[in-house]
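Report on one structure; see the data block that follows.
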Amino acid sequence: MNTLLRIDSSLRIKDSYSRRMGDYFVKQWILKHPDGSVIERDTAKKMTPHLTQQTFDAFLNENLYSEDLLLSDKLIDELYKSSEILITCPMYNYGIPSSLKAYFDLVIRTKKTFTYDNGIKGLLSGKKAHLISVMGGIHSLPGGMNPLETHLTSILNHLGITDISYFPLESTASPERISEKTELVETAIFKYLN
Ligand SMILES: Cc1cc2nc3c(=O)[nH]c(=O)nc-3n(C[C@H](O)[C@H](O)[C@H](O)COP(=O)(O)O)c2cc1C
């Protein structure tokens with residue numbers, strides 16, 4: 001069965017472009033996969049704790065305990081259950097939201113989601129990822145990725161995920177033509193899924 005893990009990270013619960021496009025993606029995805037299921041994870045509504053030495057030590061030594069280890073196990077379980085991962089990501093101060101970074105700091109775990117023997121090998125290969133990146137200004141070079149896409153692509157590749165689709169929306173701070181630009185991204189999502 002197809003399972004989509006949706007990860008949202010905008011601090012704006014209302015009027016967020018990344019959440020709006022995430023809603024659109026999920027609606028279209030369900031039409032395509034009527035038997036599929038969706039797992040929702042929201043790093044802004046329910047903050048992921050920052051990685052601490054206690055938790056990192058527990059990652060490396062199974063005899064040690066950390067409360068956040070249980071959360072890390074749960075988040076990793078959600079990733080393994082999913083065949084596809086949708087990440088909606090606004091730009092904050094030139095990067096991804098700190099809550100989303102904290103999420104990845106908890107799921108990037110040696111022997112759990114990657115191994116490090118002869119170089120790095122991600123253990124989540126075979127899954128698809130979809131990135132909706134949204135920013136107030138313009139940050140991508142012509143024909144190139146924006147910094148959110150570059151960072152998240154490195155993270156996903158580290159986990160073994162290389163099949164990634166990209167849906168960027170830039171200049172949300174400029175009100176002119178914003179609905180037209182949003183509709184263009186939604187059309188790209190529609191074409192991708194149909
Ligand atoms: C704390 C904060 C920092 C931001 N930093 C940037 C930035 O560095 N570059 C940029 O283009 N937009 C920046 N923005 C604008 C957001 O990326 C923009 O409003 C985007 O639409 C937010 O996504 P959302 O609509 O899903 O909430 C920032 C917004 C906030 C709240």
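Starting from the range 135-194, pick out the trypsin sites (Lys or Arg not before Pro) whose DSSP state is loop and whose Cβ has at most 13 other Cβ atoms within 10 Å. Taking the range 135-194 and a limit of 13 other Cβ atoms within 10 Å, the loop trypsin sites (Lys or Arg not before Pro) found are ARG177. Provide the FRET efficiency to the nearest 0.05 for the SER125-ASP73 pair, computing r from the beta carbons and using R0 = 22 Å. In this case the efficiency is close to 0.60. Projected over every direction and averaged, the convex hull enclosing the alpha-carbon atoms of the chain yields 11.8 nm².
The GNM of the chain, with springs linking C-alpha atoms under 10 angstrom apart, assigns the highest mean-square fluctuation among ASN93, ASN118, ASN157 to ASN118.
Between the C-alpha center of the range 134-186 and that of the range 1-54 there is a gap of 16 Å.
Within the range 41-109, the trypsin sites (Lys or Arg not before Pro) that combine a DSSP coil assignment with at most 15 other C-beta atoms in a 10 angstrom radius are LYS45, LYS46.
Between GLU149, GLU170, GLU183, the residue with the greatest mean-square fluctuation in the GNM of the chain (Cα pairs under 10 Å linked by springs) is GLU183. Summing Cβ point charges (Lys, Arg +1; Asp, Glu -1) relative to the Cα centre of the chain gives a dipole of roughly 220 debye. Nonpolar atom fraction for the chain, defined as the carbon and sulfur part of the 1.4 Å probe accessible area, stands at 53 percent. For the range 58-101, there are no residues whose amide N sits under 11 Å from a probe point set 7 Å from the Cα of LYS45 along the beta carbon direction. For chymotrypsin sites (Phe, Trp or Tyr not before Pro), the sites in the range 1-77 that DSSP calls loop and that have at most 15 other Cβ atoms within 10 Å are TYR65.
ASP15 versus SER165, label points 7 Å from Cα toward the beta carbon: distance in nm? Those two pseudo-labels are separated by 3.0 nm.
With Cα atoms as the point set, the radius of gyration and Dmax of the range 31-103 evaluate to 14.8, 45 Å.
In the elastic network of the chain, a GNM with C-alpha springs shorter than 10 Å, the most mobile of SER99, SER179, SER72 is SER179. Calculated accessible area for the chain comes out at 54 Å² per residue, all protein chains present (probe 1.4 Å; ligands, DNA, RNA ignored).
The values are calculated or read from the model by the stated rules, or taken from the named source; none is laboratory data. If you're wondering where the values come from, they're calculated on a predicted model, not measured in any experiment. Every residue, glycine among them, receives a Cβ derived from its backbone with ideal geometry; neighbour counts consider all protein chains shown. Ligands, DNA and RNA are stripped out before the accessible areas are found, and what is left, the full protein with its side chains, is counted by its heavy atoms. Shrake-Rupley method; radii C 1.70, N 1.55, O 1.52, S 1.80 Å.
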